[in-house]
1. Filter segment 94-104 for residues that are in contact with a helix residue (DSSP H, G or I) (Cβ under 8 Å, 6 or more places away or on another chain) and either within 15 Å of the ligand (Cβ to nearest atom) or not small (G, A, S) (or both) and give the result.
2. Could you run through segment 1-28 and say how many residues are away from the ligand (no atom under 12 Å from the Cβ) and farther than 20 Å from R130 by Cα?
3. For segment 63-72: of the residues being in a loop (DSSP other than H, G, I, E, B) and under 22 Å from the mean Cα position of the chain (by Cα), which is surrounded by the most Cβ atoms within 10 Å (Cβ to Cβ)?
4. Do we find a residue being within 15 Å of A122 (Cα to Cα), crowded, with 16+ Cβ neighbours inside 10 Å and within 14 Å of the ligand (Cβ to nearest atom) anywhere in segment 30-52?
5. Under 9 Å between Cβ atoms, at least 6 apart or on separate chains: pull out the pairs that start in segment 49-70 with a residue that is acidic (D, E) and end on any residue that is within 11 Å of the ligand (Cβ to nearest atom) and outside any loop (DSSP other than H, G, I, E, B).
6. Could you check how many residues of segment 78-97 are assigned to a helix (DSSP H, G or I) and closer than 28 Å to T3 by Cα?
7. All but one of (1) within 12 Å of the ligand (Cβ to nearest atom); (2) in a helix (DSSP H, G or I) hold for E75, so report the exception by its number.
8. Which count do you get for residues in segment 95-120 that are modelled with pLDDT under 80 and β-branched (V, I, T)?
Amino acid sequence: MSTTELATDTVLIVEDEPKIARLVADYLTGSGFTPHHVEHGDAVLPWLEERETLPELVLLDLMLPGTDGLTLCREIRQRWPKVAIIMLTARVEEVDRLLGLELGADDYICKPFSPREVVARARAVLRRSRAATAPEEAPEEAQLSLDDEGWRALADGHDLALTAVEFQLLRVMMHSPGRIFSREQLMDHMYRDHRIVSERTVDSHIKKLRKKIAEVWPEREIIRSVYGVGYKYQPEE
Ligand code: CA
């Protein structure tokens, strides 16, 4: 049985293009991380099994020689649930497909990316996963709560007066903080009767929902758009 201990700020880069791997590794090192690099898909699981401490984060390329990124993502999620995963993909459209597969990756980055973006996303994902594994320390202020029976959302006790659709959207996203939902996934949750609705419909409901939240918390952006992909609920930065 291998370890479940995480080594803080350690990142495993799984990438078969040495140039990209080196660039990302250099940037991570310069930003205080300790990167490791594995090139071949088949080498990833053995590498993790042999570690005395696990990397906190895996940057996982989708297309790899040997075992592909999809399979590796599922395996890592299942065997080492505390390890955060950011998938690297070649196309934005790919992200939609991956989201549909519900692999459980924490974030997705499309190539070509800037190493600076990778570092920023790595920090955000780690902040989130550390908060999730840290002992409960619920902040007293700024609570958003749902009243499922009354279909009401309360921000610091103020009723946001959401429509049924807005409430459902918020409920779906709040159920999985940090998870990115595509517009299509959100539509599935909103319209059980398979009415034809456009993705713009989702955008317009989200816009109204955000506006209502902003009336109570002008400084906080808890529903975020993820460019080219969809939306997520993220209460903390
Ligand atoms: Ca590749």
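The values are calculated or read from the model by the stated rules, or taken from the named source; none is laboratory data. Owing to the predicted nature of the structure, the values given are computational and were not obtained by experimental measurement. In this analysis, Cβ positions are derived from the backbone assuming ideal geometry, glycine residues included, and neighbour counts consider all displayed protein chains.
1. D96, L98, L99, L101, L103 - these are the residues of segment 94-104 that are in contact with a helix residue (DSSP H, G or I) (Cβ under 8 Å, 6 or more places away or on another chain) and either within 15 Å of the ligand (Cβ to nearest atom) or not small (G, A, S) (or both).
2. Selection size over segment 1-28: 8.
3. Among those that are in a loop (DSSP other than H, G, I, E, B) and under 22 Å from the mean Cα position of the chain (by Cα), it is L64.
4. No, segment 30-52 contains no residue that is within 15 Å of A122 (Cα to Cα), crowded, with 16+ Cβ neighbours inside 10 Å and within 14 Å of the ligand (Cβ to nearest atom).
5. D61/V14; D61/I20; D61/A21; D61/G41; D61/G69; D61/L88; D61/T89; D68/G41
6. Here the count works out to 2.
7. The failed condition is (1).
8. Adding up the residues that qualify gives 1.
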